[in-house]
Amino acid sequence: MTDRPAAGNRHADPVRLRSSQRIAAEAVDPAAVADDLIELCAIPSVTGDETAARDHLALALERAGLGLQAWDADPAALATDPAFPGMEVPRAVLPLVAGTLQGLVPGKRLLLVAHTDVVPPGDPATWTTPPFAPEIRDGRVFGRGTCDMKGGLVAALAAIRAVATTVGASGLAGEVVLVGVPSEEDGGAGTFAAIRAGYVGDAAVIPEPTRLEIVTVSAGAITFRLTVPGRAAHASTRREGVSALDNLELLHAALRADEDARNASETRPEMRVLGLPYATMIGTVHGGDWPSSLPDRLVAEGRYGVRAGQTAAGAEVELRAVIDAACAADPWLRDHPATLDVWGGRFSSCEVPAGHPLAAGLADAAGAVMGHRPPLVGVPYGSDMRLLVNEGGTPCVLFGPGDVRVAHAANEHVALAEVVACARSLAAWIVGELSPG
């Protein structure tokens with residue numbers, strides 16, 4: 001993780017913050033943040049099994065004196081919605097929770113949205129400590145989900161709790177809601193359920209790991225399955241057959257050329273600086289049934305990037321055109337084309353203009369807290385941000401502690417100073433946005 005000195009600057013700049021903002025920011029207790037993060041990360045809420053984490057968060061929100069709603073959404077019913085974002089993990093329920101701090105007078109509605117699910121830990125032997133026995137070392141909390149994104153979830157909890165205990169309902173015009181959602185890692189069905197339950201607003205922040213930078217542009221991705229045919233033959237007479245592996249190599253080359261062209265055509269500076277904002281990757285390959293037989297069928301699964309300004313459906317059209325053209329250019333595949341299926345989570349791109357009041361206001365608050373104004377950046381991956389923007393009509397940015405480069409990895413970790421800095425920034429932003437008058 002890149003060292004970021006600003007994350008350790010826990011004190012607000014009194015010149016730039018109102019007194020009420022400064023008081024709320026300073027009310028964030030680093031010791032309580034550490035305790036909350038350790039407790040939450042000890043719950044193994046792997047995607048599809050988030051109920052215990054939801055219940056833990058619900059209790060914390062209730063203890064903070066917030067208005068509470070906890071419910072189980074029905075994924076089968078949601079899946080009938082044409083805009084449903086897809087799922088990759090079978091489940092019977094989607095456990096959600098929302099805690100609301102309601103001001104005494106009407107005003108804007110702000111959302112803090114964070115997912116409770118984490119990816120599986122992988123081989124325990126690759127961890128220096130058990131993945132669900134989190135511990136603090138050198139100011140960092142190690143454990144599955146610490147970075148993605150329970151560190152951000154705890155920051156959001158600490159922020160809304162600090163606002164509740166300092167400014168309180170009497171000092172707010174409008175409301176702020178912390179929504180804990182499942183199923184982000186496999187498509188975003190949890191946030192989709194929250195949107196359909198009415199949790200939309202004037203602005204939203206998702207504290208995903210961004211190294212405390214503000215993400216205003218997000219690419220996306222779709223998952224594909226490519227079934228590649230061949231014709232079986234004995235190894236000693238392989239020229240009599242057609243290798244499905246050779247055909248996959250041909251299609252893979254076409255995908256690589258397409259990747260080069262798509263990335264070279266990008267003109268947005270915040271995306272070009274990423275180097276490869278729209279990656280194409282084949283992650284699994286299965287096929288063949290005998291070592292000395294030419295494989296007559298291979299199935300490859302992979303990920304195809306969705307360009308900024310593009311929907312998942314638009315990316316699927318591009319992907320199909322690449323595969324169709326490659327098959328048409330090959331004499332054998334022309335008559336025996338590969339089959340392409342797009343399945344699982346569908347992550348469209350999304351964007352909030354850099355000059356939007358949400359990005360500017362959050363940058364002001366975070367800059368005062370951290371001592372430097374965070375940059376506005378783009379990212380090459382999808383998140384629940386696109387659902388709030390595209391489906392919920394809610395302007396949204398990503399801003400949270402941690403580095404995505406350690407997310408999903410062994411020895412995942414997050415710096416406590418970053419979690420505290422995020423919490424204080426969010427507290428200052430909430431008060432600044434919801435102060436009466």
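For region 60-78, a residue qualifies if it is surrounded by 13 or more Cβ atoms within 10 Å (Cβ to Cβ), on the phi < 0 side of the Ramachandran plot, not in a strand (DSSP E or B) and not acidic (D, E), and the qualifying residues are A60, L61, A64, L66, P75, L78. Among the residues of region 333-373, the ones that are over 19 Å from G309 (Cβ atoms) and of a type in the set (G, A, S) come to 11 in all.
Under the condition of being assigned to a strand (DSSP E or B) and within 21 Å of V97 (Cβ to Cβ), the residues counted in region 123-177 number 4. Of all residues in region 259-292, how many are within 16 Å of A308 (Cα to Cα) and not in a strand (DSSP E or B)? Residues flagged as within 16 Å of A308 (Cα to Cα) and not in a strand (DSSP E or B) within region 259-292 amount to 21. From the set of residues in region 84-139 that are surrounded by 14 or more Cβ atoms within 10 Å (Cβ to Cβ) and basic (K, R), which is nearest to G198 (Cα to Cα)? Taking the candidates together, the pick is R109.
Every number in this text was worked out from the coordinates using simple rules, so none of it is lab data. As the structure is a prediction and not an experimental result, all values here were calculated from the model. All Cβ positions, even for glycine, are placed from backbone atoms using ideal geometry, and neighbour counts span all protein chains on display.
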